[in-house]
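Visitor: Structure in structure tokens, see below.
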């Protein structure tokens, strides 16, 4: 099974996990099928990927392990058991004798070498990761991050408005004589512009510094990333389901519907003639309706005249008596 189609959607649902291999701190996401895999790596400067299907797995296994005669499923299950914990940032490894190393090559590619033991014999494997296409980077990283930034910005705006209303409520309490039981609970009035300037001044230098966790995804951001990509996939499925129905409507309408000019269609003389015939038929139908409309007029007029009788005076009740 080649890693395409639905596997790309499954990979999109996976979060970016921080890992450390040979001193390299990376963000990774991976998908392992029955006899195929697709992995992504990034150091926030470049994104690398590798996709392998069953035939490619068999060929590389023979190149790295001359004595290996096992089918793909036999050694691929062992490969998943050894590699998946390393690519998920987990310290628990089923095979403690496994050795994994990462090296960046001169051409910009990344090579991850694995050495383990399979059925009492050494088993070697290498991941040859090349720079990912721009489309993959946009789908898997850039687009979700942009949506996340917009969501967080909306959240900040709503929280700022909420703080402003809270300050107005507290001010009303003070004007009516309310006092704090503890002086340490008193807070200053929230000023959004001052808060933003102070936040950028103090927090931005920390994020721009070379901290290990500065470019990682914590639990909250991983949850937000998962919600964003899930929503995006749901919207894509809805659009794909609606498109066939919209495409069938012109065919079902047949002679009665014309192609809109905005979609590249044109109105011919015969089509214009059909429109005139349809307009005449519509006028003929409308000519038969006045009698029915006139019968319904007295009812509507009576109901409309009722409120015009003496309006009842409503007693005005203020907030305070």
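Visitor: Looking at 156, 142, 147, 136, which is the one that is free of Cβ contacts under 8 Å to residues at least 24 places away in the same chain and closer than 30 Å to residue 8 by Cβ?
Guide: Answer to the selection: 142.
Visitor: Any residue in the range 153-160 that is in contact with a helix residue (DSSP H, G or I) (Cβ under 8 Å, 6 or more places away or on another chain) and modelled with pLDDT of 90 or more?
Guide: Checked the range 153-160: at least one residue is in contact with a helix residue (DSSP H, G or I) (Cβ under 8 Å, 6 or more places away or on another chain) and modelled with pLDDT of 90 or more.
Visitor: Out of the range 59-80, which residues are in a helix (DSSP H, G or I) and farther than 17 Å from residue 115 by Cα?
Guide: 59, 72, 73
To keep it simple, each residue is scored yes or no on (1) loosely packed, with under 15 Cβ neighbours inside 10 Å; (2) touching a residue at least 60 places away in the same chain (Cβ under 8 Å); (3) closer than 18 Å to residue 8 by Cα.
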| site | (1), (2), (3) |
| --- | --- |
| 35 | no, no, yes |
| 61 | no, yes, no |
| 74 | yes, no, no |
| 98 | no, no, no |
| 103 | yes, yes, no |
| 119 | yes, no, no |
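The values are calculated or read from the model by the stated rules, or taken from the named source; none is laboratory data. Just so we're clear, the structure is a prediction, and the values are computed from it rather than from any experiment. Positions of Cβ are backbone-derived with ideal geometry, glycine not excepted, and every protein chain shown enters the neighbour counts.
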